[in-house]
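Okay, structure first, notes after.
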Amino acid sequence: MKPVDKQISANNSETKFSDTRVNNHVGSWDETDTVPIAVVEAVASMTGQDATEMEPLGEVVDTDALDDLFKPAGKAGRSVGAVEFEYSNCLVRVSAGGRLEVAPLNG
């Protein structure tokens, strides 16, 4: 497993995301999706890659922990917090409440 290069601080002060960046992909997940699947699909969409040909997300982040941290509301999921990491040349931010943001790292 690779070490995570970027993590968001507890006060969210280190984030690179901005509502003014036009290249961001903003999405969400619901009870039918797992967080890891939503991340892979969002990054594949953002980069134009085939999700089956991308590096396994599990080599970058603990997918079980990611899913457990951000279960959809009503399933004892977190109501606050976020995790930020790099995956497939993108910066990914998963936030409580079902928000998922993806931004390219080189642009």
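The values are calculated or read from the model by the stated rules, or taken from the named source; none is laboratory data. Just so it is clear, the structure is predicted and the values come from calculations on it, not from any experiment. Cβ placement follows ideal geometry from the backbone for every residue including glycine, while neighbour counts extend to all protein chains displayed.
One table, with the values for the structure above:
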read-out	value
Unique match (being modelled with pLDDT of 85 or more, of a type in the set (S, T, Y), in contact with a helix residue (DSSP H, G or I) (Cβ under 6 Å, 6 or more places away or on another chain) and within 18 Å of G27 (Cβ to Cβ)) among S95, S45, S88	S88
Unmet requirement for P72, which otherwise passes all of (1) at pLDDT below 80; (2) surrounded by fewer than 16 Cβ atoms within 10 Å (Cβ to Cβ); (3) on the phi < 0 side of the Ramachandran plot; (4) not in a strand (DSSP E or B)	(2)
Among (1) modelled with pLDDT of 90 or more; (2) acidic (D, E); (3) more than 14 Å from V94 (Cα to Cα), the one test that D19 misses	(1)
The stretch 47-64 residues that are in contact (Cβ under 8 Å) with a residue 40 or more places away in the chain, paired with ones that are hydrophobic (A, V, I, L, M, F, W, C) and surrounded by 14 or more Cβ atoms within 10 Å (Cβ to Cβ) (beta carbon under 6 Å, 6 or more apart)	V61/F85
